[in-house]
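Student: Sharing a structure below in structure tokens format, with a few things to ask.
The values are calculated or read from the model by the stated rules, or taken from the named source; none is laboratory data. Predicted model, so just to flag it, every value in this text is computed and none were measured. A quick note on method: Cβ atoms are made from the backbone with ideal geometry, for glycine too, and the neighbour counts reach across all protein chains shown.
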Amino acid sequence: MSSTHARATGDITSSHSSNEPAGLRSGRLGVVAIIFFVVAAVAPMAAIVGASPVVFSANGVTAPLIYLLAALLFAIFSVGYVAMSKHITNAGGFVAYIARGLGVRAATAGAGLAILTYTALQAALWSQFSVFAHQLIADKLGVDIPRWILMFGCLAAVTALTVIGVDVSLKVLGALVALEIGALVILDAAIIFGGGGASGNSLAAFNPSDLFGPGLGVAFLFCITCFTGFEATVVFSEEAKNPRRTIPRAVYGSIAFIGIFYALTTWAIGNSVGSDTIQATATEDPAGFIFAVATDEVGPWLSTSIEILVVTSFLAMLIGFQNMFSRYLYALGRAGVLPRQLGHAHPVRATPAFAAASVGVLLGAILAIFQLAGADPITVTFSWLLSLGTVSLIVILILTSISIITFFARERIEHNVMVTKVAPAVSILGFGLVLYLALANYDALLGGQGGTAQWLLLLIPVAALTGFVWGAVRPGIDYQAQLV
């Protein structure tokens, strides 16, 4: 089949040139290292302090059960995802899966969505981080450093870490993630072994009859956002030790850890405040009630530690995200979707240095636009871009699930129908429901600040259509380039 015919039919070509740039260094990351990047990307401390109050406020004491249901949905998605990962080792993440299942055009549409998703999510999180960092320094040190200086200064530092290499970033991530998890474990242990607080280690949080309240949709959406970054398991596959064993273990290990940890911590917090009062308390003071629980259960020192660790948790998350997104751009550059220079690894460090630097410049430009426009960093920059990125991510997950079914139906290399058809189909239905909830509750996701922000949703079909057309007309796109 000629390359022209392959592009016309949407099939994938796999030609390799002799002068392809050097790839990423393989064999450097084990299961624990990859899980660290995923956990850093989901930022447990930031999620508990920032998202759990919204979940409690929306649906009361059942927050732990909702986190477990979100983990279950990702686990079901991962059944086909892991099975397909045995046949794909590529830093392109979900896009590489879509390419193998649905062809070049659909994959390039997915690439457009992926770029939109991770650009929006990172810009949103940088904006929120800058507010927390500014408040912490002002309150604890009495120094009023302008928020924008902190934001752009830390962005430059994280970009430098990512350019230097994943090993340096891993050391930083390990320390930050260990500290934030340790602080929350101390809080959990104090509540649980101290008698369970007002509700006395009650299991009311896991009563299914209390689950279906009017706020379930919003609560479930915020739980889903707490798993954002899960894709890092496959994005780092080219650098994994024995990826066909490492990646499946990292996928299931990260989902299990994140789901159980969130459920345990929110269960303890809910009992501490009281099953009957947690919803009202979270609604009245969403920004401060986690700190109040820490003070009451352990002491002011833990509350202060959590305030500090929220900021460092954001830094860990942003390091993880930038490592992941730079590898995305690296894979897209290597495949010929984006400029080839992005697909060149550093000749000495074997890192996606040019792609990492490009991510820093892209985020800096977007944040500068919002800053110069005078946008509020939380109600506008953070809220608008986080909501956009969340909906776009859900679309990618649905597209990936469809590609898994198509891949196994065509290749016939896996005969377990539960793996090849049932689990991906349930995943499509599950994330389809989440997408409906996201659109139906979009104003709630924006904190009631809808209006103009809802028009940003048009960027999702625009990004997908642009990618699809680009995949049809761009010569030489090869998503299997340097598959290991």
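Student: Go over the candidates Gly447, Gly451, Gly430 one by one and state the one that is under 13 Å from Phe77 (Cβ atoms) and either modelled with pLDDT under 90 or of a type in the set (Gly, Ala, Ser) (or both).
Tutor: Only one candidate qualifies: Gly430.
Student: Restricting region 286-311 to residues that are part of a helix (DSSP H, G or I) and of a type in the set (Gly, Ala, Ser), which is nearest to Ala133 (Cα to Cα)? If you could, list the steps in order and put the result at the bottom.
Tutor: Quick first cut of region 286-311, residues part of a helix (DSSP H, G or I) only: 289-297, 300-311.
When the remaining residues are screened for being of a type in the set (Gly, Ala, Ser), the result is 292, 294, 303, 305.
Numbers: Ala292: 20, Ala294: 20, Ser303: 16, Ser305: 14 Å.
My answer is Ser305.
Student: Additional query: So Gln279 passes all but one of these: (1) closer than 13 Å to Phe36 by Cα; (2) touching a Phe, Trp or Tyr at 6+ places or on another chain (Cβ under 8 Å). Which condition number does it fail?
Tutor: Every condition holds for Gln279 apart from (1).
Student: Taking only region 205-230 into account, find how many residues are crowded, with 16+ Cβ neighbours inside 10 Å and over 30 Å from Arg249 (Cα atoms).
Tutor: Residues meeting the conditions: 5.
Student: Okay, moving on. Return the total of residues in region 283-315 being at pLDDT below 90 and within 28 Å of Asn207 (Cα to Cα).
Tutor: Qualifying residue count for the region: 7.
Student: Tell me yes or no: at least one residue of region 83-101 is touching a Cys at 6+ places or on another chain (Cβ under 9 Å), part of a helix (DSSP H, G or I), modelled with pLDDT of 85 or more and not aliphatic (A, V, I, L, M).
Tutor: No, because not a single residue in region 83-101 is touching a Cys at 6+ places or on another chain (Cβ under 9 Å), part of a helix (DSSP H, G or I), modelled with pLDDT of 85 or more and not aliphatic (A, V, I, L, M).
Student: Could you say which residue among Val104, Val42, Val54, Val49 is hydrophobic (A, V, I, L, M, F, W, C), over 30 Å from Thr277 (Cα atoms) and at pLDDT 70 or above?
Tutor: On the way: Val42 fails: over 30 Å from Thr277 (Cα atoms); Val54 fails: over 30 Å from Thr277 (Cα atoms); Val49 fails: over 30 Å from Thr277 (Cα atoms).
Step by step, each of Val104, Val42, Val54, Val49 is checked, and only Val104 is hydrophobic (A, V, I, L, M, F, W, C), over 30 Å from Thr277 (Cα atoms) and at pLDDT 70 or above.
Student: Could you please let me know if Ala70 is farther than 30 Å from Thr277 by Cβ, assigned to a helix (DSSP H, G or I) and touching a residue at least 60 places away in the same chain (Cβ under 8 Å)?
Tutor: Numbers: farther than 30 Å from Thr277 by Cβ: no; assigned to a helix (DSSP H, G or I): yes; touching a residue at least 60 places away in the same chain (Cβ under 8 Å): yes.
No; evaluated as a whole, the condition is false for this residue.
Student: Would you say Phe431 is buried (at least 24 other Cβ atoms within 10 Å of the Cβ) and either without any contact (Cβ under 8 Å) to a residue 12 or more places away in the chain or farther than 20 Å from Ala71 by Cα (or both)?
Tutor: Judged against the criteria, Phe431 is not a match.
Student: Taking region 395-432 as the region of interest, how many residues are of a type in the set (Val, Ile, Thr) and within 23 Å of Ala463 (Cβ to Cβ)?
Tutor: Quick first cut of region 395-432, residues of a type in the set (Val, Ile, Thr) only: 395-396, 398, 400, 402, 404-406, 413, 417, 419-420, 422, 426, 428.
Then keep just the ones that are within 23 Å of Ala463 (Cβ to Cβ); that gives 395-396, 398, 400, 402, 404, 406, 428.
Count: 8.
Student: Which residue out of Val469, Val473, Val462, Val417 is within 19 Å of Phe74 (Cα to Cα) and either modelled with pLDDT of 85 or more or surrounded by 18 or more Cβ atoms within 10 Å (Cβ to Cβ) (or both)?
Tutor: Val417
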